[in-house]
Structure formats: structure tokens, C-alpha cells
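Some notes on the structure that comes next.
The values are calculated or read from the model by the stated rules, or taken from the named source; none is laboratory data. Treat the numbers as computed from the prediction; the structure is a model and nothing was measured. Note that we place each Cβ from the backbone using ideal geometry, even for glycine, and neighbour counts take in every protein chain shown.
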Ligand code: DC
């Protein structure tokens, strides 16, 4: 069995996975793993090293050389805190290349499994409940309408001082959904045994309340005395 005491949260870009999974992990007293940031870290280093993003072998060599930690909301690449750098627009535009490269996925999936075996963890991404932790006891599929996700992205961009038109942001969301769902390895899929949570019109608090109730009933590590 791999990582049964794992909470997986999969879903499309902008559904609110990061903020809710992080808050959920905090409430449950377990670690939070952001797997999208791992793919972003590989993309960041590839951009910095000016590697041809279409060269699968070069990307795989690079991924195996990267030391990535993405626990508890901060991302480190080879010891450097790249939490903000991996959210830059050029990384968002390039991340599909490592994410769509099967050999890169194999390397990162292996690292994610190791983390989930070592400790109870709430992990978010696209393939966590389907490929990485198919035996997880608690799986969520978090979703929201594309227009709602685009509105949220607009808010995030405005906070960073980046301007964008709603139509462009919506088109990017739809394009990313397509790229995430159509890749052959580790595509975005709703796990059959996942609890589906639609976040449209709900506050983060409401979504996390809903998830916490399900997780508390399912996780073995929470059945004993309360954890810190
Ligand atoms: O969740 P995010 O936007 O930070 O993810 C960045 C990219 O990485 C996105 O295009 C989907 C991809 N990804 C993936 O393929 N598998 C994961 N487990 C997590 C993210």
C-alpha cells in the first residue's frame, strides 16, 4: 500500500486547491505538499538554464538533478526559496513542457510517493488520487466553473500588480484545462472514489469545513488521540 494516510486534492487550475489544501492540512495537523510547484520548479530551472523545453531528455536530466522541496507552502529549489519565482507568468507559460514529459513525471511522482510514505500529508495536483496515491483513503476532486476560476485568477494577478483582460485569462484557463486533461501520462481525471467539492460561490472557510468533515472520518492517523 502506498500512502494510505494521505489526503489527495486534484482538480483544474484555479479551483482553489492550494489555499484549501494548505488550510486543511493545517487543521488536520499534517504536512501540505504542493506538487504543481514541483513541476513549476523544474520549468524555472529549465528557463534559467535556457534548456530547449521540447528536448525531453534534457528536461529529464534536469529534473533528476533538481533538489525540490515543496512542503508547508514554501518551495525550495536546490536550497533557494523560489516560492514566488515559480508563480511568475513565464513559468506558468512553460510548465506544460515538464508536466507533459513522461520521464519528468516519473521522477517527480517517485519523489511525491516517498514523501507520502514518510508522513501523513495533504497533497494537491492533477494526478494525486489517480496515479501517485491510488490507495489514499481520502480523495477530493475540487472544481469550479471556468468563469469563476478566471475571476479568481484576475484577483490574484491584480494583487501582484499584473494587468490582464478577463477574456485572456479565461482563454488561458480553458487552454490549461485542455493541456492538463489531454496529456497521455498523469492527465487530470476525477478519481472514481473521490468526494467532489464544487467551490463556486463558497468561501475558503466553507470549502475547508466540508473537506475537514470528510477527512476526519476517513484518516487513520486522526482516529487516535488528537494531534498538535
Ligand atoms: O497547480 P499549478 O497551476 O501550480 O500546476 C502547474 C502545472 O503543473 C499545471 O499545468 C499542471 C501541472 N501539474 C501536473 O501536471 N501534475 C500535478 N500533480 C500538479 C501540477
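For residue 214, indicate whether it is more than 16 Å from the ligand (Cβ to nearest atom), over 19 Å from the mean Cα position of the chain (by Cα) and crowded, with 16+ Cβ neighbours inside 10 Å. Yes.
The residues of the stretch 172-202 that are out of contact with any strand residue (DSSP E or B) (no Cβ under 8 Å at 6 or more places or on another chain) and not in a loop (DSSP other than H, G, I, E, B), listed by number, are 172, 173, 174, 175, 176, 177, 178, 179, 180, 181, 182.
When residue 43 is tested against the conditions (1) farther than 15 Å from residue 125 by Cα; (2) more than 14 Å from the ligand (Cβ to nearest atom), the lone failure is (2).
Restricted to helices (runs of 4 or more DSSP H) entirely inside the stretch 1-94, those with at least 3 residues that are under 28 Å from residue 171 (Cα atoms) and touching a helix residue (DSSP H, G or I) at 6+ places or on another chain (Cβ under 8 Å) are 17-28, 35-48, 89-94.
Taking the criterion of being under 16 Å from residue 65 (Cβ atoms), in contact (Cβ under 8 Å) with a residue 24 or more places away in the chain and more than 10 Å from the ligand (Cβ to nearest atom), the residues of the stretch 107-116 that qualify are 107, 111. Out of 37, 25, one residue alone is modelled with pLDDT of 95 or more and within 18 Å of residue 127 (Cα to Cα). It is 37. What about residue 95, is it over 16 Å from residue 178 (Cα atoms) and either within 16 Å of the chain's Cα centre (by Cα) or in contact (Cβ under 8 Å) with a residue 12 or more places away in the chain (or both)? Answer is no for this residue. Taken together, the residues in the stretch 173-189 that are within 16 Å of the chain's Cα centre (by Cα) and exposed (fewer than 15 other Cβ atoms within 10 Å of the Cβ) amount to 1. From 104, 196, 132, 121, grab the single residue that is surrounded by 21 or more Cβ atoms within 10 Å (Cβ to Cβ), away from the ligand (no atom under 12 Å from the Cβ) and modelled with pLDDT of 90 or more. Answer to the selection: 121. One residue stands out in the stretch 2-21 among those that are surrounded by fewer than 20 Cβ atoms within 10 Å (Cβ to Cβ) and more than 12 Å from the ligand (Cβ to nearest atom): the one that is farthest from residue 122 (Cα to Cα), namely 2. Scanning the stretch 135-147 for residues that are in a helix (DSSP H, G or I) and within 16 Å of the ligand (Cβ to nearest atom) returns a single hit, 146. Taken as a whole, the structure leaves residue 77 outside the set of residues that are modelled with pLDDT under 95, touching a strand residue (DSSP E or B) at 6+ places or on another chain (Cβ under 9 Å) and away from the ligand (no atom under 12 Å from the Cβ).
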